[in-house]
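Read-outs: derived from the displayed coordinates by stated rules, not from any lab. This structure is a prediction, so every number in the text was calculated from the model and none was measured. Glycine gets a Cβ as well: all are built from the backbone with ideal geometry, and neighbour counts include every protein chain shown.
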Amino acid sequence: MKILSDKRRPVQFIFAGKAHPQDLLGKEIIKKVVHQARSEGFRRKLVFVEDYDINIARYLVQGVDVWLNNPIRPMEACGTSGMKAAANGALNLSILDGWWPEAYDGSNGWAIGSEEEYDDPEYRDRVESQSLYELMENKVVPLFFDRGPDGHPHGWIEMMKNSMATICGRFNSHRMIEEYMTDYYVPAGLAHQILGENRMARARELRDWKQKIRSLWKDVKILDLDLPSGDTVALGEDLNVTARIQLGNIRDQEVVIDLCHGRVEGDSDVMVKRSVTTMVSDGTEHDGVWVFKGTVPCRETGIYGYTIRVLPFHPYLLNPLSMSLVAWG
Ligand SMILES: *Cc1c(COP(=O)(O)O)cnc(C)c1O
């Protein structure tokens, strides 16, 4: 109420959206918003627009100054509407969920809270609402009303430019369509053609192979991972890694060994910005055990962690994760 009814710096919230028919909590929230919007003192300051659809969304993204998105982490699938808002010059004020952790850089909008997960939902709501109110009162509203002698909000315009410059080129339907096409549709189309030839001969082959791999996967085990002695590597050098991997009756060509590496934060064993390089078999086998070699390029200073994983590989298997089989080192 205090934020909404400041005489010098008034704020208006416009809500729009639909809850899925089975989303009882969502429907309850909308009911509350509608009720509040009709109550004394909130009229005009809190507005609910009914029947949200793509046309109403078009007017909203064009007309608003700030796009507020406050999902419960990690439930936001994507947050496409924030990209539409950015394309129209609106600034995003959002929980770091969906696309926003990728796009937010500190200068192109605001992040509500941090990327923490909470066990207690009530505590989470308290922390995040506090963060939202603080951002509104101390950052968003003051920046909007801070006008230069020419009447323009220069800090705000700066942020709009940052937002459009950093977001529109990366988060748009051109890239989406292009990546769907090159990463999924074209490979799937080609696979359909190849697998379908000769009355599905290759599809049958792939099915049999999958059955075999599923029954043999229990024997897959990473036995050891060898590093050169000493735990410090000079900058610019490559770290050569050798792994002995037990595959049982699976052959080296039927798996892919990923060497995952990246900087670790402090004492944690959580990798930030993980990179993956593929290890190569040296072709020798003893009792179902194969030797794979790989390198970790050391191009930055810091503490690095690494691990390896084994995934099934077949030339007709489009996605190695699709079989839900993985062995971690
Ligand atoms: C953009 C849009 C959505 C998706 O909104 P998100 O915030 O990405 O979930 C849903 N409905 C309509 C009508 C839209 O225009």
Check: Once phi is turned into ³J(HN,Hα) by the Karplus curve 6.51 cos²θ - 1.76 cosθ + 1.60 with θ = phi - 60°, what whole-Hz value does each residue of segment 253-270 show in order, with x for glycine and proline?
Finding: 6, 9, 9, 10, 9, 9, 9, 9, 9, x, 5, 10, 7, x, 8, 6, 10, 8
Check: Of 314, 88, 177, which is farthest along the charge dipole of the chain in the positive direction, counting Lys and Arg as +1 and Asp and Glu as -1 at C-beta?
Finding: 88
Checklist line | Label zone at residue 80 (point 7 Å along Cα-to-Cβ), backbone N below 17 Å, segment 21-56 | finding: 52-56
Item checked: Alpha-carbon centroid distance for the pair segment 148-170 / segment 77-107, whole angstrom -> 15 Å
Checklist line | Whole-number percent relative contact order across segment 53-171, with pairs defined as alpha carbons under 8 Å at least 6 apart | finding: 25 percent
Note to self: How many angstrom lie between the Cα centre of segment 290-326 and the Cα centre of segment 16-64?
What the structure shows: 46 Å
Check: Which is farthest toward the positive dipole end of segment 227-329 among 233, 288, 323, measuring Cα position about the Cα centre, with Cβ charges +1 (Lys, Arg) and -1 (Asp, Glu)?
Finding: 323
Next item on the list: For residue 177 paired with residue 115, estimate the spin-label separation in nm (one decimal), with each label point 7 Å from Cα along the Cα-to-Cβ line.
Entry: 3.1 nm
Notebook entry, point to check: Which three extents, in whole angstrom, do the alpha-carbon atoms of the chain cover along their principal axes, largest first?
Noted result: 80, 56, 40
Checklist line | DSSP-defined antiparallel bridges as percent of all bridges, the chain, nearest 5 | finding: 75 percent
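Can you give the extra length, in nm with one decimal, that the chain gains between residue 265 and residue 184 once fully stretched, where that is 0.36 nm per residue apart less the Cα-Cα distance? Don't jump to the answer; show the numbers that get you there.
Working: separation 81, 0.36 × 81 = 29.16 nm, distance 3.37 nm.
Value of the extension gain: 25.8 nm.
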Check: What does the charge dipole of segment 1-138 about its Cα centre add up to, to the nearest 20 debye, if the Cβ of each Lys and Arg holds +1 and the Cβ of each Asp and Glu holds -1?
Finding: 1000 debye
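Looking only at segment 53-171, where both bridge partners belong to it, what percent of the DSSP beta bridges are antiparallel (to the nearest 5)?
Numbers: 0 of 8 bridges.
Roughly 0 percent of the beta bridges in segment 53-171 run antiparallel, per DSSP.
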Notebook entry, point to check: If amide H atoms are built 1.01 Å from N in the plane of the peptide, which residues on other chains or at least 5 residues away come under 5 Å of the amide H of residue 281?
Noted result: 293
Check: Using θ = phi - 60° and the Karplus curve 6.51 cos²θ - 1.76 cosθ + 1.60, what whole-Hz ³J(HN,Hα) does each residue of segment 122-129 get, with Gly and Pro shown as x?
Finding: 5, 5, 4, 4, 5, 4, 6, 5
Note to self: Classify segment 282-329 from the C-alpha gyration tensor, please: rounded if a/c falls under 1.5, else prolate or oblate depending on whether a/b exceeds b/c.
What the structure shows: oblate
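Given the convex hull over the Cα atoms of segment 217-328, what projected area results after averaging over all orientations, in nm²? Display every interim value, and only then the final one.
On the way: hull surface 31.4 nm².
Over all viewing directions, segment 217-328 projects a mean Cα-hull area of 7.9 nm².
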Next item on the list: Please work out how much length the chain gains when fully extended from residue 52 to residue 18, using 0.36 nm per residue of separation minus the C-alpha to C-alpha distance, in nm with one decimal.
Entry: 11.6 nm
Note to self: Spelling out what I want: for every residue of segment 36-49, take phi, set θ = phi - 60°, compute 6.51 cos²θ - 1.76 cosθ + 1.60 (Karplus), and round to whole Hz; glycine and proline get x.
What the structure shows: 5, 4, 8, 7, 4, x, 9, 4, 6, 8, 10, 10, 10, 9
Next item on the list: Report the charge-dipole magnitude of the chain in Debye, nearest 20, computed about the Cα centre from +1 at each Lys and Arg Cβ and -1 at each Asp and Glu Cβ.
Entry: 1360 debye
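Just from its helices, what would the mean residue ellipticity at 222 nm be for the chain, if runs of 4 or more DSSP H residues each count -39500 (n - 2.57) and the sum is divided by every residue, rounded to the nearest 500 deg cm²/dmol?
On the way: 9 runs with 109 residues, N = 329.
One gets -10500 deg cm²/dmol as the mean residue ellipticity at 222 nm.
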Next item on the list: May I ask for the angle, rounded to the nearest 10°, between helix 154-167 and the longest principal axis of the chain, with both axes built from Cα atoms and the value confined to 0 to 90°?
Entry: 30 degrees
Notebook entry, point to check: Spin-label point model (7 Å from Cα, Cβ direction): what's the residue 168 to residue 272 distance in nm?
Noted result: 3.1 nm
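Find how much the distance from residue 240 to residue 221 grows on full extension, using 0.36 nm per residue of separation minus their present alpha carbon separation; answer in nm with one decimal. Present the calculation step by step, with values, prior to reporting the outcome.
Numbers: separation 19, 0.36 × 19 = 6.84 nm, distance 2.06 nm.
Contour length minus the Cα-Cα distance gives 4.8 nm.
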Check: For segment 53-171, what class follows from the C-alpha gyration tensor (a ≥ b ≥ c being the square roots of its eigenvalues): rounded when a/c is under 1.5, otherwise prolate if a/b is larger than b/c, else oblate?
Finding: oblate
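Can you compute the charge dipole magnitude of segment 269-329 about its Cα centre, using +1 on each Lys and Arg Cβ and -1 on each Asp and Glu Cβ, nothing else charged? Give it in debye, rounded to the nearest 20.
Working: 5 positive and 5 negative charges, 62 e Å.
The dipole of segment 269-329 has a size of about 300 debye.
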